[in-house]
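> Once you've had a glance at the structure underneath, I'll fire off some questions.
The values are calculated or read from the model by the stated rules, or taken from the named source; none is laboratory data. Bear in mind the structure is a predicted one, so any value in this text is a computation, not a measurement. Cβ placement follows ideal geometry from the backbone for every residue including glycine, while neighbour counts extend to all protein chains displayed. These area figures cover heavy atoms from the full protein model, side chains too; ligands, DNA and RNA do not enter into them. Shrake-Rupley method; radii C 1.70, N 1.55, O 1.52, S 1.80 Å.
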Amino acid sequence: GEQQAEADQQVASASNEVREETAAARYDVAVEKAEAEHKIASEKCEALAGAEQEACKERADANLEMAKDVAKRDRDAAAAPVNR
């Protein structure tokens, strides 16, 4: 009856909350990893000179942005509520 429907709603709500928190945690880890990889890539660029160094840094920056975009898309997809 009504109590069962309310209980089901509470379970669904708690489940969505856990899914959102898990998605947010995965996002944070993905961004930290991307930033660490960016730092390493940027340091490798320092060994280069001139236009080569500039192109290297631009690639590193582009890879960081792409990784963040993917992480955000994954987070948003994973956090989407499941309707029953």
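> Scan (1) at pLDDT below 90; (2) surrounded by 11 or more Cβ atoms within 10 Å (Cβ to Cβ); (3) outside any helix (DSSP H, G or I) for the single condition residue 48 breaks and write down its number.
With (1) at pLDDT below 90; (2) surrounded by 11 or more Cβ atoms within 10 Å (Cβ to Cβ); (3) outside any helix (DSSP H, G or I) applied to residue 48, the lone miss is (1).
> Another question, then. Go through (1) within 26 Å of residue 17 (Cβ to Cβ); (2) open to solvent by 60 Å² or more (accessible area, probe 1.4 Å) one by one and return the number of the condition residue 80 breaks.
Evaluating residue 80 over (1) within 26 Å of residue 17 (Cβ to Cβ); (2) open to solvent by 60 Å² or more (accessible area, probe 1.4 Å) leaves (2) as the failure.
> Restricting to the stretch 11-25, give me the number of residues that are of a type outside the set (Ser, Thr, Tyr) and surrounded by 12 or more Cβ atoms within 10 Å (Cβ to Cβ). Break it down into steps so the answer makes sense when it comes.
Of the stretch 11-25, the ones of a type outside the set (Ser, Thr, Tyr) are 11-12, 14, 16-21, 23-25.
Okay, now just the ones that are also surrounded by 12 or more Cβ atoms within 10 Å (Cβ to Cβ), so 12, 16-17, 19-20, 23-24.
Qualifying residue count for the region: 7.
> Of the residues 8, 28, which single one is open to solvent by 60 Å² or more (accessible area, probe 1.4 Å), out of contact with any Gly (no Cβ under 9 Å at 6 or more places or on another chain), touching a residue at least 60 places away in the same chain (Cβ under 8 Å) and assigned to a helix (DSSP H, G or I)? Outline the logic, then answer.
On the way: 28 fails: touching a residue at least 60 places away in the same chain (Cβ under 8 Å).
The unique qualifying residue is 8.
> Go through the stretch 31-45 and give me each residue that's open to solvent by less than 60 Å² (accessible area, probe 1.4 Å) and closer than 21 Å to residue 78 by Cα.
Residues of the stretch 31-45 that are open to solvent by less than 60 Å² (accessible area, probe 1.4 Å), as a first pass: 31, 34, 36, 38, 41-42, 45.
Listed by number, the residues that qualify are 31, 34.
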